[in-house]
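Trainee: Please see the structure below; I have some questions.
The numbers here are math on the coordinates, done by the rules we state, and not lab data. These numbers were taken from a predicted model, which means no experiment stands behind them. Note: ideal-geometry Cβ built from the backbone for every residue, glycine included; neighbour counts use all protein chains shown.
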Amino acid sequence: MTDFLSNVRIRSGNQMVAEGALRAGCKFFAGYPITPASGIYKTMIDMLPGKGGVALSAPDEISALAYCVGASLRGQKAMTATSGPGWALMTETVQYALMTETPVVIAMVQRLGPSTGGATQNAQGDVLLVENCTSGGYTIPVFTPSNPVECYELTHLAFTWSELLRTPVVVMLDKEVGMTSEDVDYMRIHDLTTLSRQRIAQSGNGSNGNVDTYYFEHPEDVPSFVPVGGKIKTTVTGSAHNKAGRLQKNSPETLEVLYHLQKKIDANANQMELVKRDVEDGARTLIVSYGITARTAREAVRRIRKNAEKVSWLNVLSLFPVPENKLRNSLHGIERIVIPEENFGGQYRSVIETLFDDQDIVGVNKIGSMITPDEIIAEVV
Amino acid sequence: MTKEMLNEEIIFAGFGGQGVLSMGMVLAYAGMIEKREVCWMPSYGPEMRGGTANCIVIVSEESISSPIVTTFDTAVVLNQPSLDKFESAVRKDGILIYDSTNIINPPTREDITIVPIAASTEAVKMENKRIMNMIVLGSLLGVKPVVAVESVIEALRKVLPERHHKLLPLNEKAIRRGIELAQADSAVEAE
């Protein structure tokens with residue numbers, strides 16, 4: 001029994017986001033407490049200093065993310081955690097991180113909006129707010145776990161992609177995923193390989209022996225990293241710039257940099273696709289879900305099959321870039337796609353609708369209380 | 001009797017500060033100690049204190065697909081608003097346990113087992129009002145042994161920070177008292 005208990009613990013999604021970050025080598029955390037994300041803040045403040053890192057309580061969310069960007073520009077892996085109201089304050093710095101190609105992970109635990117909304121109520125209403133937060137419409141990679149183990153693994157993965165692509169990555173939970181605790185068997189967590197950004201060891205890629213901070217050969221390449229404040233001089237700016245990091249208006253090189261910010265993500269979109277697929281031969285309906293509604297969907301699927309009826313199900317773990325290939329490969333024989341979401345407009349559905357013409361795409365949408373398995377079953381043919 | 005897979009879905013509900021969330025967590029831990037799949041989902045208002053709070057606990061032999069449940073095998077309620085809200089959410093033949101000390105309108109359903117426990121009064125007798133939640137948890141075990149008492153006591157050791165471990169004997173006493181009260185109550189009903 002002692003052996004068993006040393007591997008199995010009760011953990012919330014929030015705690016597992018923090019543990020996943022530590023596993024990925026996160027060395028800096030700054031946050032401002034906010035329900036329902038405070039569990040991440042608390043766990044990082046409790047654990048990170050003991051692992052040789054720095055965990056700070058910032059005066060507000062603007063500072064929290066800005067501190068993280070600063071730490072990352074010095075070469076440390078950094079994360080913050082917030083909810084919708086905090087995200088609203090962070091969007092300027094999310095864009096700064098994107099423009100300056102600074103890896104940073106933001107754990108975003110959704111609650112009911114708009115504004116300060118319902119602090120302790122679940123919602124999935126920030127999907128498009130998060131994805132479309134940049135001027136210019138750049139892709140922000142978003143991962144959506146639905147249980148504590150996925151919180152751990154996807155936070156780790158968010159660090160990997162953030163480091164490899166040098167871009168901000170979001171792990172998006174909702175209140176129920178973040179605050180629900182479940183038994184976690186640590187022996188069943190996948191082996192994870194930790195990767196870090198490519199660094200420049202010495203000066204010389206740019207003119208005059210300096211480093212071109214944003215040098216790339218092909219637009220889809222990711223520039224190698226030079227820490228600010230080190231021996232090699234490097235320039236970081238959120239304004240439009242050339243590969244050397246110098247402010248320029250719309251020179252061909254500056255435009256190339258702006259295209260590159262998106263192309264490096266597009267070029268890796270296939271590899272980022274992550275879904276859990278449970279496809280049944282002969283099913284005519286495919287349920288597509290993410291976050292807490294993936295749990296409800298799973299129960300709906302269980303009940304439908306118990307009645308000897310057929311249904312297919314896709315739990316989307318990489319919400320953006322949209323896992324288009326994996327979705328398309330699940331559509332054989334499918335006439336109807338059902339997308340349950342705890343928002344009233346069907347935010348992810350509005351994205352999926354633009355991709356597929358041959359299927360009826362319907363939503364199960366609700367705010368203020370949780371979608372039940374029966375409400376999903378009612379839409380399945 | 002056919003042997004069914006254990007899958008117990010329980011709601012604990014009351015005011016913030018009554019120990020509603022922690023008593024659910026203790027049960028979840030005990031389930032984990034018995035190698036069950038467990039899930040603990042808290043729900044409360046934005047108030048710092050005095051609001052209503054509840055948690056849903058699932059203890060199952062199978063992997064738990066959804067933590068979201070709208071009807072329950074058992075409801076454990078500690079105040080009138082929660083009783084009003086959750087009496088109807090108990091499944092037919094289910095169990096409703098409540099602290100009868102502060103209830104003005106008692107439950108009326110006849111298709112469920114209703115177990116009133118004067119837990120707050122009993123806690124005062126035991127000279128620690130805060131032990132009330134453990135008396136009620138004991139009553140639950142007395143009516144329906146979802147997990148063994150020993151597992152709950154081991155769970156307490158894990159849930160309580162070490163600086164509070166001096167309170168373990170009192171908590172254990174409260175749990176055992178709750179079991180006695182529940183069983184005495186059932187005995188009366190059987191007569």
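Trainee: Enter the angle in degrees (range 0 to 90, nearest 10) between the Cα long axis of helix A:292-306 and the first principal axis of the Cα atoms of chain A, meaning the one along which they spread out most.
Mentor: 30
Trainee: Strictly over 19 Å apart at the Cα level, which of A:310/B:92; A:77/A:175; A:51/B:166; B:35/B:158 would you flag in this model? The partial results should precede the final answer.
Mentor: Numbers: A:310/B:92 30 Å; A:77/A:175 25 Å; A:51/B:166 31 Å; B:35/B:158 15 Å.
Violating the 19 Å Cα-Cα cut-off are A:310/B:92; A:77/A:175; A:51/B:166.
Trainee: Could you work out how far the C-alpha centroid of region A:106-182 sits from that of region A:81-97, in angstrom?
Mentor: A separation of 11 Å, based on Cα centres.
Trainee: Which percent, to the nearest 5, of DSSP beta bridges fully inside chain B are antiparallel? Each step should come with its number before you reach the end.
Mentor: Details: 17 of 31 bridges.
Roughly 55 percent of the DSSP beta bridges within chain B come out antiparallel.
Trainee: In peptide A:180-192, what is the residue-averaged number of other protein chain Cβ atoms found within 10 Å of each Cβ?
Mentor: On the way: counts 9, 13, 11, 13, 1, 2, 0, 0, 0, 0, 0, 0, 0.
Average per residue, whole number: 4.
Trainee: Let me ask something else about it. Using the 10 angstrom Cβ neighbour count as an exposure proxy, how do A:191, B:99 rank, fewest first?
Mentor: Ordered by Cβ neighbours within 10 Å, fewest first: A:191, B:99.
Trainee: Using +1 on the beta carbon of Lys and Arg, -1 on that of Asp and Glu, and nothing else charged, what's the dipole of region B:7-190 about the Cα centre, debye to 20?
Mentor: Values: 18 positive and 23 negative charges, 145 e Å.
Charge dipole of region B:7-190: 700 debye, to the nearest 20.
Trainee: Considering Cα pairs under 8 angstrom that are at least six residues apart, work out the relative contact order of region B:1-106 and quote it in whole percent. Walk me through the numbers before you get to the answer.
Mentor: Working: 209 pairs, mean separation 31.6, N = 106.
Computed value for region B:1-106: 30 percent relative contact order.
Trainee: In the Gaussian network model of chain A, springs joining C-alpha atoms below 10 Å, which of A:163, A:61, A:256 carries the largest mean-square fluctuation?
Mentor: Maximum fluctuation in the GNM of chain A, among the listed residues, is at A:256.
Trainee: Could you grab the relative contact order for chain B? Cα pairs under 8 Å, six or more apart, rounded to a whole percent.
Mentor: Numbers: 367 pairs, mean separation 39.3, N = 191.
Across chain B, relative contact order equals 21 percent.
Trainee: Oh, and also: Residue B:114's amide H: which non-local residues (gap 5+, or another chain) put their own amide H closer than 5 Å, with H modeled 1.01 Å from N in plane and none for Pro or chain starts?
Mentor: Amide H to amide H, under 5 Å and 5 or more residues apart or across chains, residue B:114 pairs with B:96.
Trainee: Here is a further query. With +1 on each Lys and Arg Cβ and -1 on each Asp and Glu Cβ, and nothing else charged, work out how big the dipole of region A:2-188 is about its Cα centre, in Debye to the nearest 20. List each step's numbers first, then the result.
Mentor: Details: 12 positive and 17 negative charges, 86 e Å.
Dipole magnitude for region A:2-188 comes out near 420 debye.
Trainee: Now, a different point. Once R0 is set to 30 Å, what does the formula 1/(1 + (r/R0)^6) return for the Cβ-Cβ distance between residue A:258 and residue A:353, expressed as a FRET efficiency to the nearest 0.05? Each step should come with its number before you reach the end.
Mentor: Numbers: r = 28 Å, r/R0 = 0.95.
With R0 = 30 Å, the Cβ-Cβ based efficiency is 0.60.
Trainee: Still on this model: With only Lys, Arg, Asp and Glu charged, each at its Cβ (+1 for the first two, -1 for the last two), find how big the charge dipole of the protein assembly as shown is about the Cα centre; round to the nearest 20 debye. Provide the component values of the computation, followed by the final result.
Mentor: Values: 55 positive and 67 negative charges, 379 e Å.
That gives a dipole near 1820 debye.
Trainee: Work out the mean other chain Cβ neighbour count within 10 Å for the residues of B:69-78 and drop it here as an integer. Could you put the intermediate results ahead of the total?
Mentor: Values: counts 4, 5, 0, 0, 0, 0, 0, 0, 0, 0.
So the per-residue partner count for this stretch is 1.
Trainee: Which of these, A:240, A:123, A:158, has the largest mean-square fluctuation under a Gaussian network model of chain A (Cα springs below 10 Å)?
Mentor: A:240
Trainee: Along the positive direction of the dipole of the protein assembly as shown (beta-carbon charges: Lys, Arg +1; Asp, Glu -1; about the Cα centre), which of A:355, A:20, A:322 reaches farthest?
Mentor: In the protein assembly as shown, that residue is A:20.
Trainee: How much of the DSSP bridge set in the protein assembly as shown is antiparallel, in percent, rounded to the nearest 5?
Mentor: On the way: 32 of 79 bridges.
Restricted to the protein assembly as shown, the bridges split so that about 40 percent are antiparallel.
Trainee: Still on this structure, I have one more. Label residue B:124 and residue A:186 with points 7 Å out from Cα along Cα→Cβ: what is the distance between them in nm?
Mentor: Roughly 4.6 nm, to one decimal.
Trainee: Just tell me which aspartates and glutamates come within less than 14 Å, Cα to Cα, of residue B:144; anything on the same chain fewer than 8 places away is out.
Mentor: Output for residue B:144: B:8, B:9, B:73, B:93, B:180, B:185.
Trainee: Please work out the Cα center distance from region A:1-53 to region A:208-255, rounded to the nearest Å.
Mentor: Answer, in whole Å: 35.
Trainee: Answer rounded, prolate or oblate for the protein assembly as shown, using the Cα gyration tensor with square roots of eigenvalues a ≥ b ≥ c: rounded when a/c is under 1.5, else prolate when a/b is larger than b/c, else oblate.
Mentor: Details: a/c = 2.48, a/b = 1.72, b/c = 1.44.
Prolate.
Trainee: Which order do A:19, A:324, B:162, A:379 fall in if you start with the one that has the fewest other Cβ atoms within 10 Å? Walk me through the numbers on the way to the answer.
Mentor: Working: A:19 24, A:324 14, B:162 7, A:379 17.
In order of increasing Cβ crowding within 10 Å: B:162, A:324, A:379, A:19.
Trainee: Gaussian network model of chain A, Cα springs within a sub-10 Å range: biggest mean-square fluctuation belongs to which of A:258, A:355, A:331?
Mentor: Sorting by GNM fluctuation, first place goes to A:355.
Trainee: Let me ask you something else. Just counting partner chain Cβ atoms within 10 Å, what average do the residues of peptide B:59-66 show around their Cβ?
Mentor: Details: counts 1, 0, 0, 1, 2, 6, 11, 16.
Per residue, the average neighbour count from other chains is 5.
Trainee: Please report B:177, B:91 as a ranked list, fewest other C-beta atoms within 10 angstrom at the top and most at the bottom. Intermediate results must be reported in sequence, preceding the final value.
Mentor: On the way: B:177 22, B:91 14.
Result, fewest neighbours first: B:91, B:177.
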